[in-house]
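I have placed the structure first, in the form of structure tokens, so that the comments after it can refer back to it.
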Amino acid sequence: MKLKFIDYINNIFRMIFRGKKLVKLGIYGPINVGKTTLANRICKDWIGEELGTVSKIPHETREIQVKEKVKIRSNSKELDFNIIDTPGIATKIDYEDFMKFKLSEKESKARAKEATKGVIEAIKWLENVDAVLVVLDATENPYNQVNITIIGNLAARNIPVLIVANKIDLKKAKLKRVQNAFPQYRAIGISAEKGKNMEDFYDALFELIK
């Protein structure tokens with residue numbers, strides 16, 4: 001039986017990762033989906049400390065943040081990871097959106113400028129990652145322009161991807177909707193905040209790079 005193209009690509013990446021001692025893992029996604037919360041959860045699980053600050057204000061993370069050599073284990077396997085938390089991807093950044101959170105006009109304009117620069121840096125960093133977690137909010141419709149743009153950029157670079165449907169602890173969460181939106185990739189549901197389903201997440205992560 002002939003291998004499907006996606007299986008062929010996955011086999012190539014598995015051969016590449018087999019000899020790797022350090023995996024550069026990028027965490028990507030739109031704003032306010034829980035990217036930094038997931039980065040913090042991973043770091044707390046394995047090294048007991050957080051990576052970044054979480055806020056309800058959009059674009060709290062405006063610069064690339066890296067935690068190096070985080071040793072993760074799953075099913076008797078062990079690998080070192082550089083956890084790379086990236087600014088939220090957005091197709092439009094309006095300073096007035098920040099003013100809704102009681103930031104001054106000056107603060108809002110500065111934040112919007114930094115956020116725009118952060119998005120550009122996040123895309124550039126795709127050249128430096130070995131695999132990517134695409135974090136999506138499981139309570140929202142995943143099939144939108146921002147998510148399509150993110151997935152398209154990753155597909156064009158043939159980067160291994162695991163889609164993480166976050167916030168599955170919430171009533172409106174629909175994992176199946178996320179899985180159906182991008183069926184070419186595996187999607188796993190978690191709650192990074194509550195630590196729900198993290199064991200399965202780590203298993204899926206090692207499956208991605210084995």
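For this structure, a couple of remarks:
- The condition (being in a loop (DSSP other than H, G, I, E, B) and surrounded by 19 or more Cβ atoms within 10 Å (Cβ to Cβ)) is satisfied by just one residue among I27, I93: I93.
- Filter pass, L162 being touching a strand residue (DSSP E or B) at 6+ places or on another chain (Cβ under 6 Å), within 17 Å of D130 (Cα to Cα) and buried (at least 19 other Cβ atoms within 10 Å of the Cβ): yes
- When the criteria are applied in full, K167 meets the requirement of being touching an Asp or Glu at 6+ places or on another chain (Cβ under 8 Å), modelled with pLDDT of 95 or more and farther than 30 Å from S76 by Cβ.
- Those helices (runs of 4 or more DSSP H) lying entirely in the range 130-210 with at least 1 residues charged (D, E, K, R) and within 23 Å of F81 (Cα to Cα): 198-209
- Residue in the range 48-57 that is among the acidic types (D, E), within 17 Å of the chain's Cα centre (by Cα), surrounded by fewer than 17 Cβ atoms within 10 Å (Cβ to Cβ) and more than 27 Å from R177 (Cα to Cα) present: yes
Residue by residue, here is whether (1) within 16 Å of T36 (Cα to Cα); (2) in contact (Cβ under 8 Å) with a residue 60 or more places away in the chain; (3) in contact with a Cys (Cβ under 7 Å, 6 or more places away or on another chain); (4) aliphatic (A, V, I, L, M) holds:
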| position | (1), (2), (3), (4) |
| --- | --- |
| T116 | no, no, no, no |
| W125 | no, yes, no, no |
| V132 | yes, yes, no, yes |
| K176 | no, no, no, no |
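The values are calculated or read from the model by the stated rules, or taken from the named source; none is laboratory data. Predicted model only: the values in this text are computed from it and were never measured. Every residue, glycine as well, gets a Cβ built from its backbone with ideal geometry; the counts of neighbours run over all protein chains shown.
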